[in-house]
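The structure under discussion appears below in the form of structure tokens.
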Amino acid sequence: MAEAATQQQPAAPSHSSSPEAETVLSREEQKQQPLYTGRVQVYPKSISGRVRRVKWLLLGLCLGVYYLAPWIRWDRGPGAPDQAILIDMPDRRAYFFWIEIWPQEVYYLTGILILGALALFLATSIGGRVWCGFTCPQTVWTDLYMWVERLIEGDRGARIRLDKAPPSGGKVAKKSLKHLAWLLIAFVTGGAWIMYYKDAPTLVSEFFVGESSLTVYFFTGLFTLTTYLLAGFAREQVCTYMCPWPRFQAALLDEDSLVVTYRGWRGEPRGPHRKGQTWEGRGDCIDCKLCVAVCPTGIDIRDGLQLECIGCGLCVDACDTVMDRVGRPRGLIAFDTDRNRIACSAGGEPQQPKLFRLRTILYLVLIGAIGLFMLGLLTFRSDLEVNVLHDRNPLFVTLSDGSIRNGYTIKILNKDRAERLFTLGVEGLEGASVAVIGAEEGSGEGTGEAPRLGAKPDTVASYRAFVLLPSGTLSGKLKAFSFVLTDEASGATARHDSVFRGP
Ligand code: SF4
Ligand code: SF4
């Protein structure tokens, strides 16, 4: 059976017999209550079971994806990075397999963040804190660190004894080995994060011979340190005090959300039970506290749903083990709904959880709509864009012959991996002529041909353009028109609306 829990619950205040005193602490008791409670070291005990197996599976999957993804290659042609997932800061590009995102398309990132948030809302309203308990990086890395800790220092009882033991060679050796292993994991984790920003094989070959930039060393060091501190030392304190999610996740739960629940109606009155004793007139909880001993946040789920509970479900496995041992049905602690808890406490029957409710349907509809919208944007994404900026000063110039000239900066976004040649024209401005500084020879002003503009592969080409209107052509102070850029090879066009200003 589990060792007695070392996590201490705050002592219940003693109450006087007056009715007010049953809910309000006396002045003396208030003085004795500390404003802040010191941290109580948690020594979670290892446990096996169905939930633990799911957690191991997800842990392996999450870590596998995180560490290996930067090593996946994706051929994009000559001159382009061949890393499947890469955020190329110097060239301002984000690559995800066949998708290449330009800075102007940052709305894709916004869409992904919105989808992520909605998926989190949906998961929470269905399964409570499943994200926190199973896939949150803080949980995954803490789990990994605890696994290493157990491997080196032993399970809960051995770790408690080791911490209490006076300094010795064995203790120093175990602690040093543990911290070395933690630092190694932290370093690999920090390094892997940098690989999402720089070609992984190049980074590794440069890193260990001192050829990486200071930025790379700085951020690897920073992420190594934060992983080591958060997963090795801060652990459950991150979830309880640093993370904002537990504060507002209650707003996403309702009576049909599946949360880790102690079925008090079945477990109470609790108390020790000896083999052969009757179960008549008592609850199934034998008060062994194994559920507390395995809890990574050190709480007692029998006190009800608490902010500290990350919904990891390890207490479910713990209690199922105990129930198997004492020959009672599993599920004294289980993922259950508040509706069932209330119904069963009143002697009713449990119901199947309702997955499709107004809020889950709403989240699903929003996820579907935004997902489809983003898919449409990606499918019909153009590999050509033109941006035009009208000169601010001067807004127009009147030439000696009375004609009016406006200046513009034209930016051609060639998202193709091939060099392209375009012709630039205007629409909606009768009698206008266009001249471009840097246009191809034999085109543009004085040649009778529209200016031809080149753009190198996967770059932004910038040109200065001047639009000229003969004297007396412009009626009014301004006229709206469009620049039209046409790819000479494919005939693809891009337009940008602008205005022509006059006196
Ligand atoms: S709920 Fe289960 S694991 Fe927890 S003390 Fe009771 S019997 Fe033990
Ligand atoms: S109470 Fe249970 S579900 Fe909640 S954190 Fe502790 S072990 Fe995990």
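Given the conditions (1) outside any helix (DSSP H, G or I); (2) surrounded by fewer than 18 Cβ atoms within 10 Å (Cβ to Cβ); (3) modelled with pLDDT of 95 or more, and given that Leu180 satisfies all but one, which numbered condition is not satisfied? The number of the failed condition is (1). If the condition is being more than 9 Å from ligand 1 (Cβ to nearest atom), touching a Lys or Arg at 6+ places or on another chain (Cβ under 8 Å) and among the aliphatic types (A, V, I, L, M), then region 317-345 contributes only Ala334. Restricting Glu441, Glu445, Glu430 to those that are farther than 19 Å from Lys411 by Cα, surrounded by 13 or more Cβ atoms within 10 Å (Cβ to Cβ) and of a type in the set (D, E, K, R) reduces the list to Glu445.
Every residue, every condition in (1) near ligand 2 (Cβ under 9 Å from one of its atoms); (2) more than 30 Å from the chain's Cα centre (by Cα); (3) modelled with pLDDT under 95, yes or no:
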{"position": "Arg282", "(1), (2), (3)": "no, yes, yes"}
{"position": "Cys285", "(1), (2), (3)": "no, yes, no"}
{"position": "Lys289", "(1), (2), (3)": "no, yes, no"}
{"position": "Val292", "(1), (2), (3)": "yes, no, no"}
{"position": "Asp320", "(1), (2), (3)": "no, yes, no"}
{"position": "Pro329", "(1), (2), (3)": "no, yes, no"}
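For region 205-268, the helices (runs of 4 or more DSSP H) that sit wholly inside it and include 2 or more residues that are hydroxyl-bearing (Ser, Thr, Tyr) are 214-229. Among the numbered conditions (1) free of Cβ contacts under 8 Å to residues at least 24 places away in the same chain; (2) part of a helix (DSSP H, G or I); (3) over 29 Å from Trp245 (Cα atoms), the only one that Trp147 does not meet is (3). Which of (1) away from ligand 2 (no atom under 16 Å from the Cβ); (2) modelled with pLDDT under 95; (3) on the phi < 0 side of the Ramachandran plot; (4) surrounded by fewer than 18 Cβ atoms within 10 Å (Cβ to Cβ) does Asp338 not meet, given it meets every other one? In the conditions (1) away from ligand 2 (no atom under 16 Å from the Cβ); (2) modelled with pLDDT under 95; (3) on the phi < 0 side of the Ramachandran plot; (4) surrounded by fewer than 18 Cβ atoms within 10 Å (Cβ to Cβ), Asp338 misses (1) alone. Residue check: Gly454 meets all listed conditions (1) part of a loop (DSSP other than H, G, I, E, B); (2) over 21 Å from Phe396 (Cβ atoms) but one, namely (1).
When region 448-472 is limited to residues that are buried (at least 18 other Cβ atoms within 10 Å of the Cβ) and among the charged types (D, E, K, R), the one that is nearest to Phe500 (Cα to Cα) turns out to be Arg452. Residue pairs whose Cβ atoms lie under 7 Å apart, sitting 6 or more positions apart in sequence or on different chains, and linking a residue in region 163-187 that is over 30 Å from Phe208 (Cβ atoms) to a partner that is of a type in the set (A, V, I, L, M), are Lys171/Leu162; Lys171/Ala165. Among the residues of region 269-287, is any closer than 28 Å to Thr139 by Cβ, out of contact with any Lys or Arg (no Cβ under 8 Å at 6 or more places or on another chain) and within 15 Å of ligand 1 (Cβ to nearest atom)? Checked region 269-287: no residue is closer than 28 Å to Thr139 by Cβ, out of contact with any Lys or Arg (no Cβ under 8 Å at 6 or more places or on another chain) and within 15 Å of ligand 1 (Cβ to nearest atom). Residues of region 295-317 that are assigned to a helix (DSSP H, G or I), under 30 Å from the mean Cα position of the chain (by Cα) and more than 6 Å from ligand 2 (Cβ to nearest atom): Val316, Asp317.
The values are calculated or read from the model by the stated rules, or taken from the named source; none is laboratory data. Note that this is a predicted model, so its numbers are computed, not measured. All Cβ positions, glycine included, derive from the backbone under ideal geometry; neighbour counts span all protein chains shown.
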